[in-house]
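Please treat every number below as a calculation from the coordinates, not as lab data. All of these numbers come straight from a predicted model, not from anything done at the bench. So basically every Cβ, Gly included, is an ideal-geometry build from the backbone, and we count neighbours across all protein chains shown.
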Amino acid sequence: MTRVLMAVVTSMVIAVVGTAGAEIVRRPADDPWARATPARPVRVPADHVAHPEYRIEWWYYTGNVRDGAGRAYGYQVTFFRVGVDAAPANPSAFAVRDLYMTHVALTDASGREHRFADRLNRAGVHWAGARTDRYDVWNEDWRASLDDQGRHRIVADAGSFALDLTLSPGKPAVLQGDRGYSRKGVDPGNASHYYSLTRMPTVGSVRIDGRTITVEGSSWMDHEFGTSALDAGTRGWDWFALQLEDGRELMLYALRLDDGRPSAFSSGTLVERDGRTTALAVSDFRLTPRRSWRSPVSGASYPVEWDVSIPRLGLTLRVSAAVDAQELRTRRSTNVTYWEGAVRVSGRQEQAGRQSAVAGVGYLEMTGYSGAKMSDVMR
């Protein structure tokens, strides 16, 4: 569940479409946007395409890769679409119907360095967009698309760093929540259609300061679309996407309330080696912060080491940041400060009275630690 924080970016909308446009984005009830419902089936790969009838949509990739010398890198590429006007009165091709925001990040775990870039553009052939007939989303020359063999291609050049990666689905898509309907709050409309590709063998290259490096590893894709807000009193969330070396994957998210407790709508999914899934309720897992890092830029303090306990599954994990300083300050796009970065996983599995070691990699996203709480952002 992540990326919902990007839905209402009032200050950036004002810059592009003016105050009236910002009011449209702030109050989704004013326009006839579609709402996520359990009745709508989610179909993959057909649903990779854009869904302009919904107000909010994002395509999200993270991955952990290595070069030939074993040097480790993590990456994030996220495309956000925010609907500005569901039924524009102006028929002009220049009318602003959607805004596109993109975040691109690269972590050199071995070099202890994190780089980030972001963009905001209105929809338009030469600016940004997403097709509805096939999977192709772009923001200027940053792009994610699907080839004829079903492979995902990600290309993003941010100047001081760049990515050119090809991802192949290694498992069937996981339909999160109730067959792809993911509740985020008390109002049934506060939901999204949400699916994941949890293990995608990845090859390609990264470029750092002009040096191109061949890499391979594994990635994770999320795609969500809906028209929703967060319940009042939601401070933020902590979202984990973990790939274990034994072939399993684990997704967990905790929506944090003002008093620090997790919302009842927090949940998770364990994906077995063969793609079978086990749904996890908030009562099934515990997330305990162990160590924090304070950003010298924003002053926010983020838990960068966690204990994850799932007694029902006999699984106990330690999740640690590959690099502490993986904060994103998105002043050019969504104007939200959050932490998202590569993590390392260790722990143990207890089963039938036996213990075995567990290890892996993944990504962690943490919001609501800097600035406004997310339920205020998501008005």
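Find how much the distance from SER205 to ARG291 grows on full extension, using 0.36 nm per residue of separation minus their present alpha carbon separation; answer in nm with one decimal. Working shown, then result.
On the way: separation 86, 0.36 × 86 = 30.96 nm, distance 3.27 nm.
Taking SER205 through ARG291 to full extension adds about 27.7 nm, to one decimal.
How much length is gained on full extension from ASP141 to ARG354, taking 0.36 nm per residue of separation minus their Cα-Cα distance? Walk me through the numbers on the way to the answer.
Working: separation 213, 0.36 × 213 = 76.68 nm, distance 5.15 nm.
Gain in length upon complete extension: 71.5 nm.
Given the convex hull over the Cα atoms of the chain, what projected area results after averaging over all orientations, in nm²? It would help to have the intermediate numbers written out before the result.
Values: hull surface 72.7 nm².
Value for the chain: 18.2 nm².
Per 0.36 nm of contour for each residue apart, how much would the distance between ALA264 and ARG331 grow if the chain were fully extended, relative to their Cα-Cα spacing? Mind showing how you got there, number by number?
Working: separation 67, 0.36 × 67 = 24.12 nm, distance 3.18 nm.
Net length gain for the segment: 20.9 nm.
Per-residue HN-Hα couplings for the range 151-156, Karplus 6.51 cos²θ - 1.76 cosθ + 1.60 at θ = phi - 60°, whole Hz, x for Gly and Pro?
Karplus-based 3J(HN,Hα) across the range 151-156 equals 8, 8, 10, 10, 10, 8 Hz.
So how far apart, in nm, are the two label points at GLU53 and GLU216 if each is 7 Å from Cα heading toward Cβ?
4.2 nm
Which value in deg cm²/dmol, rounded to the nearest 500, describes the helix-derived mean residue ellipticity at 222 nm for the chain, given -39,500 (n - 2.57) per DSSP H run of n ≥ 4 and division by the residue count? Provide the component values of the computation, followed by the final result.
On the way: 2 runs with 21 residues, N = 379.
Computed ellipticity for the chain at 222 nm equals -1500 deg cm²/dmol.
What FRET efficiency, computed as 1/(1 + (r/R0)^6) with R0 = 45 Å and r the Cβ-Cβ distance, is obtained for SER320 and ALA46, rounded to the nearest 0.05? Before the final figure, lay out each step's value.
On the way: r = 38 Å, r/R0 = 0.84.
About 0.75, to the nearest 0.05.
Can you sort SER218, SER192 by how many other beta carbons sit within 10 Å, fewest first? Don't jump to the answer; show the numbers that get you there.
Values: SER218 20, SER192 26.
With the sparsest Cβ surroundings first, the list reads SER218, SER192.
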